[in-house]
Amino acid sequence: MLIQENIPLAPLTTFKVGGPARYFVEATTEDDVQAAVAHANERQWPLFVLGGGSNLVISDDGWPGLVLKIAISGIAQQRELQDDVFQVGAGHDWDAFVAHAVERNYAGIECLSGIPGTVGGTPIQNVGAYGQEVAEVINTVRVLEIASGQMHELENAQCGFSYRSSIFNTTHQGRYIVLGVGYHLLRNGTAKVEYTDLKKHFSGLSRKPSLLQVRDAVRAIRQAKAMLLVEGDDDCRSAGSFFKNPIVSRAEADRIEAHASQIGPKETMPRYQADEGLVKLSAAWLVEHAGIHKGYGHGPVGISRKHTLAIVNRGGATAQDIIGFKNEIQQRVLDVWGVRLHPEPVFVGLPGSRD
């Protein structure tokens, strides 16, 4: 285990912002993770666990303790009667695993193609897109408990999955480090085509699209929205969708819809059924109709020219630039719609920035 000092963190993130790690270690095995955690605990160093760096805003001051980068890779397959369970290392590239499954004709994650980051981040955020989320296919999550140094296998039901949420980023935040994830996928399954963009994409197709066709379509749609990491594309220097879609009561959705009809947007406000009789609203629609459009910005920070929900680093942006811009968008949406948008990224070393 090689512990390095004063390692820049910005290059390890998709936003390309953030100061250095006082201490840094890359762990390629579970034993390395266990040893690094013990080392930090003994010295009382603050610990931050880094995955693919795709959903982070790191302070310009960096991290004063140990940054532990999880680099455990590899895929192991266990065959069952109809489905298979794929055990995947937390540091494995997520899209590479999706490609691995689709190429072997396993359904369940094809709509999650093109999402940047590593496997370890998927249960934490309950990653989802285009009609699928990982909670539907996660079998187990292998974790290390930071306080005790013990390893555990958590079943799906123990993870408390909900919309973009789990115990790992709510009630048990900071308690566990994800080491690996087991995904229960359907062999020779049918591709899921329920999301509006996908239905439009395949509207002229007379037969059901294959898993590979859906994967290719999702990646193409994501690229058109600058949600696929493409070298040299400034709109990709972001943390992806910055705000969650609000979940509100039916009465609240009715209020917002009535307000929309009064202030004049020509198109109908999108609303979708959520769990427990609630309604999911489109954060992108709320932002756009609060007067913040694609390409809007201030100097080095702005909105993507292709996706309303992506805050982008146009070059030379700082974490404080991003936080200030986030606050402006939230305040505008609150003023116009009475809705408080909540960010998706993790804020590192930026107390008070989460909401």
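Can you give the Rg to Rh ratio of the range 68-117, both from alpha-carbon atoms, with Rh computed by the Kirkwood formula?
0.99
What is the Cα centroid distance between the range 327-346 and the range 118-177, reported in whole angstrom?
If we compute the Cα centre of each part, the gap is 26 Å.
What number comes out for the charge environment of residue 127, summing +1 per Lys or Arg and -1 per Asp or Glu over other residues with Cβ under 9 Å away? Provide the component values of the computation, followed by the final result.
Numbers: positive: 164; negative: 133.
Surrounding charge for residue 127 is 0.
As a test of the formula, what do you get for the chain when each DSSP H run with n ≥ 4 contributes -39,500 (n - 2.57) and the sum is divided by the residue count, at 222 nm and rounded to the nearest 500 deg cm²/dmol?
Computed ellipticity for the chain at 222 nm equals -7500 deg cm²/dmol.
Let me check I've understood the local charge: for residue 338, count other residues with C-beta under 13 angstrom from its C-beta, Lys and Arg +1, Asp and Glu -1. What total comes out? If you can, show how the numbers build up before the last one.
Numbers: positive: 255, 332, 340; negative: 252, 254, 257, 335.
After counting each charged neighbour, the total is -1.
With a ≥ b ≥ c the root eigenvalues of the C-alpha gyration tensor of the range 210-355, is it rounded (a/c under 1.5), prolate (a/b larger than b/c) or oblate?
On the way: a/c = 1.70, a/b = 1.21, b/c = 1.40.
Verdict is oblate for the range 210-355.
Going by the alpha-carbon gyration tensor, a ≥ b ≥ c the square roots of its eigenvalues, is the range 76-213 rounded (a/c under 1.5) or, if a/c is not under 1.5, prolate (a/b greater than b/c) versus oblate?
Since a/c reaches 1.5 and a/b is larger than b/c, the shape of the range 76-213 is classed as prolate.
Rounded if a/c is under 1.5, else prolate if a/b beats b/c, else oblate: with a ≥ b ≥ c from the C-alpha gyration tensor eigenvalues square-rooted, which is the range 1-74? If you can, show how the numbers build up before the last one.
Numbers: a/c = 2.19, a/b = 1.28, b/c = 1.70.
Verdict is oblate for the range 1-74.
Given just the C-alpha atoms of the range 262-315, how large is their convex hull per residue in cubic angstrom?
Taking the convex hull of the Cα positions in the range 262-315, it is 100 Å³ per residue.
Among DSSP beta bridges whose residues both lie in the chain, state the antiparallel percentage, nearest 5. Before the final figure, lay out the partial values.
Details: 47 of 60 bridges.
DSSP beta bridges in the chain are roughly 80 percent antiparallel.
Based on the alpha-carbon gyration tensor of the range 59-148, what equivalent-ellipsoid semi-axes (square roots of 5 times the eigenvalues) come out, in whole Å, largest first? Intermediate results must be reported in sequence, preceding the final value.
Details: eigenvalues 138, 51, 30 Å².
Working through the eigenvalues yields semi-axes of 26, 16, 12 Å.
Taking all protein chains together and a probe of 1.4 Å, list 183, 195 from the most accessible to the least accessible.
Descending order: 195, 183.
Can you flag which of 244/294; 208/280; 225/326; 244/306 are past 21 Å Cα-Cα?
Result: 208/280 exceed 21 Å.
May I ask for the percentage of alpha-carbon pairs in the range 1-124 that lie more than 20 Å from each other?
Counting every Cα pair in the range 1-124, those more than 20 Å apart make up 49 percent.
Using alpha-carbon positions, what is the distance between the centroids of the range 9-65 and the range 269-314, in Å?
If we compute the Cα centre of each part, the gap is 30 Å.
Using θ = phi - 60° and the Karplus form 6.51 cos²θ - 1.76 cosθ + 1.60, what ³J(HN,Hα) does each residue of the range 207-213 get, whole Hz, x for Gly and Pro?
Result, ordered by residue: 10, 5, x, 6, 4, 5, 5 Hz.
Per residue, how many Å² of accessible area does the chain show with a 1.4 Å probe? List each step's numbers first, then the result.
Values: 16000 Å² over 355 residues.
That works out to 45 Å² for each residue.
Could you tell me what percent of the accessible area of the range 129-267 is made up of carbon and sulfur, with a 1.4 Å probe and every protein chain present?
47
Show me, for the range 167-174, the HN-Hα J-couplings you get by feeding each phi into the Karplus relation (A = 6.51, B = -1.76, C = 1.60, θ = phi - 60°), rounded to Hz, glycine and proline as x.
Those phi angles translate into 5, 6, 10, 10, 5, 10, 4, x Hz.
Counting only other residues whose beta carbon sits under 15 Å from that of residue 258, what net charge do I get with K and R as +1, D and E as -1? Let's see the in-between values first.
On the way: positive: 250, 255, 271; negative: 252, 254, 257.
Taking every Cβ under 15 Å from that of residue 258, the sum is 0.
Let me know the Kirkwood hydrodynamic radius for the range 132-288, please, with Cα pairs as the basis and the value in Å to one decimal.
19.2
Divide the volume of the convex hull of the Cα atoms of the chain by its number of residues and quote the answer in cubic angstrom per residue.
Hull volume normalised by residue count: 144 Å³.
The values are calculated or read from the model by the stated rules, or taken from the named source; none is laboratory data. Given the structure is predicted, the values throughout are model-derived calculations rather than measurements. Here the Cβ is made from the backbone with ideal geometry for all residues, glycine too, and neighbour counts use every protein chain on show. Accessible surface is based on the protein model in full, side chains and every heavy atom, while ligands, DNA and RNA are left aside. Shrake-Rupley method; radii C 1.70, N 1.55, O 1.52, S 1.80 Å.
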